[in-house]
1. Check residue C:194 against each of (1) touching a strand residue (DSSP E or B) at 6+ places or on another chain (Cβ under 9 Å); (2) within 17 Å of residue A:154 (Cα to Cα) and name the one condition it does not meet.
2. Which of the residues belonging to segment A:175-197 are farther than 14 Å from residue A:66 by Cβ, more than 12 Å from chain B (Cβ to nearest Cβ) and crowded, with 24+ Cβ neighbours inside 10 Å?
3. Could you check how many residues of segment C:85-107 are in a helix (DSSP H, G or I) and within 12 Å of chain A (Cβ to nearest Cβ)?
4. Looking for whichever is more than 8 Å from chain A (Cβ to nearest Cβ), in a helix (DSSP H, G or I), touching a helix residue (DSSP H, G or I) at 6+ places or on another chain (Cβ under 6 Å) and under 28 Å from residue A:35 (Cα atoms) here; the options are B:132, B:104, B:108. Which one fits?
5. Test each condition in (1) closer than 16 Å to residue B:72 by Cα; (2) outside any helix (DSSP H, G or I) for residue B:137 and report the one that comes out false.
6. Somewhere in segment A:156-168, is a residue free of Cβ contacts under 8 Å to residues at least 24 places away in the same chain, surrounded by fewer than 19 Cβ atoms within 10 Å (Cβ to Cβ) and on the phi > 0 side of the Ramachandran plot?
7. Just need a number here: residues in segment A:91-107 that are within 14 Å of residue A:129 (Cβ to Cβ) and crowded, with 20+ Cβ neighbours inside 10 Å.
8. From the list B:209, B:235, which residue is on the phi < 0 side of the Ramachandran plot and more than 8 Å from chain A (Cβ to nearest Cβ)?
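The values are calculated or read from the model by the stated rules, or taken from the named source; none is laboratory data. These numbers were taken from a predicted model, which means no experiment stands behind them. Because the Cβ atoms are built from the backbone with ideal geometry, glycine has one as well, and the counts that use them run over all protein chains shown.
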């Protein structure tokens, strides 16, 4: 977010001061049941059995996230390219899309539980449903904004419709697709953790809620630290991949600003 | 109406009719997919009995409280962080640490502190809405043309009035972007928090209908939710168009 | 048999209220193998529409276009079009080499031979050393050189060019004209170029078809007997160059 990546002493100082305040307040007593000191959460993280459990839950959450997110990307990009390119396909689906889109995606969880039970399939399905929307809509937008001259260029080189879709429309829409993927990344994580809370038997969402109900707040906070790290790591990974894939586009913007 | 819209409605009717036929023919488990006519009848009945309006009203109270709280806190905070490098750097680490936390996992924390009442839900909505509003406000304020602020100062405007008269209007489009993103997040989080820790609200209603196997009521609740999302979105567009008139 | 035949071509667009707008009415001309032919005319005479029809990118409303006696009803394999808007027709996500390779890939050619040919053409248009650059890193003139190299890599028998130098500055334009002539001499590709610049048309070509508007038609065909190789200073200073220029100018002005 910042061009300036200097070591932020003031920021770290404020952060440390807040943690210290929390630590002192908790140690003063009387609040153990809901606000253990941060050191207790850290200690929980380093306890072998908690760490082992957390690792297992992390693996479950990550697996469901990747399954749902990647499948959503594949399906939504494919559908978006077709809907963006074919006026007929778009006009047929437009009303249905407009009706389904405003419904908060988590409302699909009960339906998914009914149809798929309470396993990984259900959680991956709801993640696909929720994550697909931003990708689909942005892909449609990107393909619809495709420059006519680019299509004609492909045609003058003798490319047929399918090849133009694949070699011209898809890469030209890539920046839009990337926007969709960026928006749906946290959404996918929300859906995975939510479905784990509502109907899970493992995963970080399940773990955090379960530790809360079992009155082990230190473990709950440890779980939150892990899920925050997961969110942070996924975001960094996405930014790095995007920077490589769209290196040509970043240049374009840099020149436009100059 | 555009001809393309007509084919869209024809397609919608076809899907609804197909659903009805398949359900009536017994090709699908009626426990999972009741006939469309039954769902719509149930929706109308729940609407007339006041059940759905009441549940939606409960959800909307929480949603509005969390949403407006987030706007009230995060717009001024964002302006401060956008204008002052010092404020920004002081809070940067805290913001960057909290932001990647997926909002649903804040629900258990809030339940510890606040139980399963409205306070918990309002806090969770506040937490999840805060980020888009805050980050967009910071960005919007930062991207203001420095000339604009200088102009205001040559007219002798005091700092407070400069913010009110120049900074906020100039950053308004991007602040509205943040508010629009947060609006859809609000709806998601109110439903989630009602599913996990509640005894009323539309999110609870839908999940509870599923658990009691009143599947037609579950779908009716989803229809209500979709309508609610649509209306809120349209209302937002209407308001933001008025606020950003001439832009 | 001429390489390219345009016979009684007309093209109209459907207007909003059912009224058809006539963009081209009855244009006929031929291009022989190896020739450099220019079409010159005022703006609004349907030059771009004409090229779109010849390239098989738009369907004519009447008349016919043929390449090697084959009726054009889709983009023909022996012909490629270079657009005026290089910034919109280059693939921003491909490097210079990638863009030039596109024409070869489209023909199903890959591997080392394709790579070598692409590099040779990049050298021919004077962009050696820029193979790994992306379009945004190049100036307008260089981008159009890439577009020309990409088109030539496709090995077309006919190269169509729609105001190829219309969006670059004056000095670059002269450079590109000479670069194009050098390539034409080297490869012997037949070129049909559309321009509204009379002097450019004379400087480059063997024959100039003069177009007029309302209705769009060929009003005169002028042979250009100027000796080759041509030179930006001496050729343009020749009395016959000026005579040709004035003759074409009057023809357009009278018809317009």
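1. Against the list (1) touching a strand residue (DSSP E or B) at 6+ places or on another chain (Cβ under 9 Å); (2) within 17 Å of residue A:154 (Cα to Cα), residue C:194 comes up short only on (2).
2. Passing the criteria: A:177, A:180.
3. Here is the first cut: in segment C:85-107, the ones in a helix (DSSP H, G or I) are C:86-89, C:96-106.
Subsequent filtering for residues that are within 12 Å of chain A (Cβ to nearest Cβ) retains C:86-89, C:96, C:98-106.
The number of residues fulfilling the criteria is 14.
4. On inspection, the qualifying residue turns out to be B:132.
5. (2)
6. No, the conditions are met nowhere in segment A:156-168.
7. Of the residues in that region, 5 qualify.
8. The match here is B:235.
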